[in-house]
Amino acid sequence: MFNLRAQQAALGDIRAEEAQLVLRTRHGDDNALRDLIDRHRVRLIRTAANILRDPIEAEDVAQESFLKAFRELHRLRDDRAFGSFIYRICVRLCVDRLRLKKAEPSPMEPWDKAPSGSIENKVLVEKLLAKLPADLRTTLVLREMEQLSYEEVAQAMNVPVGTVRSRLHTARERFRALWVSANELG
């Protein structure tokens, strides 16, 4: 119980610190702006890369997310929620790009000299994820790879929690079927 209280206190400190950075950014402080970017850049790129399956495009989406977030900073009601705010923007931009591309899978680089099965499994997972429709893949990535709660996924994708649960169930079933099929062939 003490550990939980300590974690909650630390989270409160982080949110308060973030609220100060947002406030300073609103008043034109470039150092605060850079600090916000530094705090969220890696996570946004990782999330976008997992959704889009393209690390270069993920960089573009992360940059676009920051631009949009700072342009719309006046819409943020709770300065402590900047992380969720920019994360939702990133996910929406990814989903929009997938819709435009019709979710065509990107070609994978060959791993001819894979030293272990773990790399082969990672490549297989990426190939199988690319076969899922964009909404199912995004839901699965946000929940399983990014470890977001159902509520956070719903908020990021702008859908009800029930839709997240339904999509996640379908995505897991389809992924499982693809996995079994791929392993039977290999």
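The values are calculated or read from the model by the stated rules, or taken from the named source; none is laboratory data. Since this is a predicted model, take the numbers as computed values, not measurements. Heads up, the Cβs are rebuilt from the backbone with ideal geometry, glycines too, and the neighbour counts pull from every protein chain shown.
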* Filter result (part of a helix (DSSP H, G or I) and either within 15 Å of Arg176 (Cα to Cα) or free of Cβ contacts under 8 Å to residues at least 12 places away in the same chain (or both)) within region 140-153 -> Leu140, Val141, Glu144, Glu151
* Asked: Which ones in region 79-108 are among the hydroxyl-bearing types (Ser, Thr, Tyr) and modelled with pLDDT under 85?
  -> Ser106
* Asked: modelled with pLDDT of 90 or more, acidic (Asp, Glu), over 24 Å from Gln147 (Cβ atoms) and not assigned by TED's automatic domain parsing to the domain that holds Thr139, is that true of Asp60?
  -> yes
* To do: Spot the failing condition for Trp111; the list is (1) loosely packed, with under 13 Cβ neighbours inside 10 Å; (2) modelled with pLDDT of 85 or more, and only one is missed.
  => (2)
* In region 156-165, the residues that are touching a Phe, Trp or Tyr at 6+ places or on another chain (Cβ under 9 Å) and crowded, with 19+ Cβ neighbours inside 10 Å -> Ala156, Val164
* **Residue tally, condition closer than 13 Å to Glu146 by Cβ and surrounded by fewer than 16 Cβ atoms within 10 Å (Cβ to Cβ), over region 25-45** => 2
* Asked: What about Arg34, is it farther than 28 Å from Ala134 by Cβ, out of contact with any Leu (no Cβ under 8 Å at 6 or more places or on another chain) and touching a residue at least 12 places away in the same chain (Cβ under 8 Å)?
  -> no
* So, of the residues in region 52-104 that are assigned to a loop (DSSP other than H, G, I, E, B) and acidic (Asp, Glu), which turns out to be surrounded by the most Cβ atoms within 10 Å (Cβ to Cβ)? -> Asp54
